[in-house]
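**Student:** Handing you this structure, nothing more for now.
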Amino acid sequence: MIRRLRWKIVAINMAMVTAVLLAVFVGVLVSSRAAVERTVNQRLMQVVQTGRYDASLPGQGSAAPCFVADIYPSGTVRLSGSSYYRLDDQDAMAEIVTACLEQGDSSGILRSYHLRYLRADGPLYTRIAFTDAAQEDATLRAVVKMCLIVGVAALAVLLGCSYLLAGLAARPVARSLDQQRRFLSDASHELKTPLTSMIGYADLLRGGELPPENQRRAADAIYHESTRLESLSQQLLSLQDLR
């Protein structure tokens, strides 16, 4: 019983801790994702405004590869960008630009091409800056991996601490149960003694084995033991009332 109680306390503690850790990790993941998207969009905004796909953000030594598509009202598309991309593949570039225009949003991700884009409509042309989304995906995967490592380590440590604390919490219960068992054992012994004596004298009286001069003594013994039994019963009732 104590073991079950101990593990029940551990299970409750671990459930609450796991819920808190999940909430924290979800918050970290959401904030990290927002920070990565904000950084990438700042980079793309710089590219859209300047047309310089090789420029880095202030304070950064390098930038993710980008390319720019300028779409004119006549349907002409002018491409420029990092050599990381095969801009000479006109069919592939046309599919990417068309997919971006079909989405209709000013920014987003083309999952089929693993590209993040930022679109700006101007009076003369529409400029769209693209960059590889694999880097931000890798960053988010690293955050998830770190959260899992930290979470597993934290749960292992908290499991041990919870088990020890549950043992301390269950110790008074174990002591109370032990005292209850001793009390029941003592009470059973105290009740058994007068009952045994009464049954013995009653058997003698029923069997007619006692001489007349001893029958009175047997009756007195039965009365004495029954009075003692009544007193013990009253004491047990008093203890019950105290609880």
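The values are calculated or read from the model by the stated rules, or taken from the named source; none is laboratory data. The model shown is predicted, which means the values in this text are computed figures rather than measured ones. Here Cβ is always computed from backbone atoms with ideal geometry, including for glycine, and neighbour counts include all displayed protein chains. Surface accessibility is based on the protein's heavy atoms, side chains included, excluding ligands, DNA and RNA. Shrake-Rupley method; radii C 1.70, N 1.55, O 1.52, S 1.80 Å.
**Student:** How about the stretch 85-102: which of its residues are in a loop (DSSP other than H, G, I, E, B) and surrounded by 13 or more Cβ atoms within 10 Å (Cβ to Cβ)? So that I can check it myself, show each step before the final result.
**Tutor:** Taking the stretch 85-102 and keeping what is in a loop (DSSP other than H, G, I, E, B), we get 85-89.
The answer is Tyr85, Leu87.
**Student:** Kindly provide the set of residues from the stretch 103-122 that are exposed (fewer than 14 other Cβ atoms within 10 Å of the Cβ) and assigned to a strand (DSSP E or B), ordered by number.
**Tutor:** Asp121
**Student:** For residues in the stretch 123-145 being open to solvent by 70 Å² or more (accessible area, probe 1.4 Å) and under 32 Å from the mean Cα position of the chain (by Cα), which is modelled with the lowest pLDDT?
**Tutor:** Residue satisfying both the conditions and the ranking: Gln135.
**Student:** What pairs come out if I take residues in the stretch 131-159 that are among the small types (Gly, Ala, Ser) and pair them with residues that are assigned to a helix (DSSP H, G or I) and surrounded by fewer than 15 Cβ atoms within 10 Å (Cβ to Cβ) whose C-beta lies under 6 Å away, six or more apart or interchain?
**Tutor:** none
**Student:** Another question about this same structure. With at pLDDT 85 or above and either farther than 30 Å from Leu159 by Cβ or open to solvent by less than 30 Å² (accessible area, probe 1.4 Å) (or both) as the only criterion, which of Met45, Met16 stands out?
**Tutor:** Being at pLDDT 85 or above and either farther than 30 Å from Leu159 by Cβ or open to solvent by less than 30 Å² (accessible area, probe 1.4 Å) (or both) holds for just one of Met45, Met16, which is Met45.
**Student:** Moving on. With the condition kept exactly as written, say whether any residue in the stretch 55-64 is over 30 Å from Leu177 (Cα atoms), modelled with pLDDT of 75 or more and either in a strand (DSSP E or B) or open to solvent by 40 Å² or more (accessible area, probe 1.4 Å) (or both). Show your work before the answer.
**Tutor:** Keep residues of the stretch 55-64 that are over 30 Å from Leu177 (Cα atoms), which gives 55-64.
Keeping just the survivors that are modelled with pLDDT of 75 or more gives none.
No, there is no match, as no residue in the stretch 55-64 is over 30 Å from Leu177 (Cα atoms), modelled with pLDDT of 75 or more and either in a strand (DSSP E or B) or open to solvent by 40 Å² or more (accessible area, probe 1.4 Å) (or both).
**Student:** Please enumerate the residues belonging to the stretch 146-174 that are modelled with pLDDT under 75 and open to solvent by 70 Å² or more (accessible area, probe 1.4 Å).
**Tutor:** Those that are modelled with pLDDT under 75 and open to solvent by 70 Å² or more (accessible area, probe 1.4 Å): Leu168, Arg171.
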